[in-house]
Amino acid sequence: MDFNLLKPELTLLVTAIAVILLDLFVSRKGWLTVLSLIGLAVAGFFTFSQRADLGQTTFNNMLAVDNFAFFFKLLFLGITAMVILSSTDYVSKFKNFRGEYHALLLLATLGMTLMAATTELMTMYVSLEVASISLYALAGFLKDGKSSESSIKYMILGAVASAVLLYGMALVFGVTGQTQIGAIAAAIQTSGYSGLMDNPALVMGVVLIIAGFGFKIAAIPFQMWVPDVYEGATTPVVAFLSVGSKAAGFAIIMRLFFSAFEFPESLSLDWGAIYAALAVLGMIIGNASAIPQTNIKRLLGYSSIAQAGYLLVGLATMGIAPASEVIGRSSILFFLFSYALANLGAFAAIIAIGNKIDSDEIKDYAGMGKRAPVLALCLTVSLISLIGMPPAAGFIGKFYIFNGAVQSGLLWLVIIAVLNSVISAFYYLRVVKVMWFNEPASLEKVPSSGALRLSLLITTLGVLAVGIVPNLLFTFAEWAARMLRF
């Protein structure tokens, strides 16, 4: 067991404990933010220092240190840093619990980094619960009626999803006698199964695993928690949920299905078809449900469901394309990165505006182009990226994921996805129209802290940079998609 390979995770754990202890002794709570960011930076340094160790495993092959885990660790650390920066204006609403807030964010990040690296079913489950339990607590942090309701709904439904997932894993173990994903793959290949339907227990196990993880990524029909949790939870936590939790869910799904269920080819074709069907449902229902929304957080909640549908197009491609092709996997990684930039930028602007107007209703964003032109511009760029319009990163992300699907013979699915992208423009651009063309109720300026403005600057410039010069991220995503086989 090589603890050097766990330095990023151990750094996050130590930082979370240190934040709680520091909270007991300092009156200036800004130091908690500083310590959290330092911890994330140190974890990032240790992650970079592992580049020479990529291709190894630790904890008896339960955790991988490979290109794939490297990509997601950096992504999760960056997401958490942006959320903490964006939170500086918001944490006054729970000033007596700032230590717990930062510690829970760090512990959730710890769980997500483990999810990206895990290669064994029980380790997958434990890492998933480390992240999930922290998120359940964060969802109810405001301790008002809506926040408490959202937290309880999220926890109860999450517990049901975890039970379903665990039952699916138990069935896979019953069929194969293994929990390590490489050993599961070997057992399936030597069993002579030509597809899912050859073994009812394996069918049920895979379906239940898809359902359990479907909850985590907000895929239809497992998305019922999304609108209420998005509306009731604190806005920085919603930002974290919308990108961090989703990215972690896709990371663990990709690892499991690529390593354990990719062969025989007929098996991967079966689960690829399941993900294609879920993609269609997610895009259509998510976009249709977003159109009548008047609350911007609920709108972005349904948007998140639709975005999960686009990402599921990549999973369908991954199942249907030959295992040697990386385009399905790399397109998901690229899309997740561009989606994270756009959604974090949108929520940072919403945090700043919401703090001033004390409302999340879209109609109250009227005239923000005059009151806060920089915030309105950043939010506009983020929404354009979520639509998938040039020159934003979302355009390249969708083009990449759709191109991979076409190459794999999923033209019909891409046509549905493109039509849904056009539909989504209606509700995204409605927000833009309200901000720039409606008359403001007041001309009072909208203040924001330097930390939040820094977060906005990084995410907005990132959206434009990836959209205009995507080659570096293309290369990084393709490199990271070449994950270990076990």
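The values are calculated or read from the model by the stated rules, or taken from the named source; none is laboratory data. Bear in mind the structure is a predicted one, so any value in this text is a computation, not a measurement. When we count neighbours, we look across all protein chains shown, and the Cβ atoms used for this are built from the backbone with ideal geometry, even at glycine.
Residue count for the range 388-409 satisfying the condition of being surrounded by fewer than 23 Cβ atoms within 10 Å (Cβ to Cβ), touching a residue at least 24 places away in the same chain (Cβ under 8 Å) and hydrophobic (A, V, I, L, M, F, W, C): 2. The numbered conditions (1) at pLDDT 95 or above; (2) assigned to a loop (DSSP other than H, G, I, E, B) are all true for residue 263 except (1).
When 33, 57, 11, 15 are screened for being under 20 Å from residue 244 (Cβ atoms), at pLDDT below 95, of a type in the set (Ser, Thr, Tyr) and within 25 Å of the chain's Cα centre (by Cα), only 33 passes. All of (1) of a type outside the set (A, V, I, L, M, F, W, C); (2) in contact with a strand residue (DSSP E or B) (Cβ under 9 Å, 6 or more places away or on another chain); (3) modelled with pLDDT under 90 hold for residue 255 with one exception: (3).
Considering (1) assigned to a helix (DSSP H, G or I); (2) closer than 30 Å to residue 89 by Cβ, the lone condition that residue 218 does not fulfil carries the number (1). Put simply, of 274, 285 the only residue that is under 14 Å from residue 227 (Cα atoms) and more than 16 Å from the chain's Cα centre (by Cα) is 285. When we screen 177, 111, 182 for residues that are farther than 24 Å from residue 18 by Cα, in contact (Cβ under 8 Å) with a residue 40 or more places away in the chain, touching a helix residue (DSSP H, G or I) at 6+ places or on another chain (Cβ under 7 Å) and not aliphatic (A, V, I, L, M), the only hit is 182. Which of the residues that make up the range 3-30 are touching an Asp or Glu at 6+ places or on another chain (Cβ under 9 Å) and over 18 Å from residue 110 (Cα atoms)? Residues satisfying the conditions are 23, 29.
When 310, 339, 302 are checked against the criterion of being under 15 Å from the mean Cα position of the chain (by Cα) and farther than 19 Å from residue 213 by Cβ, 302 stands alone in meeting it.
Selection of first residues in the range 73-88 that are of a type in the set (Lys, Arg) and of second residues that are surrounded by 24 or more Cβ atoms within 10 Å (Cβ to Cβ), restricted to Cβ pairs under 7 Å at least 6 apart or on distinct chains, gives the following pairs, ordered by first then second residue: 73/8; 73/113; 73/116.
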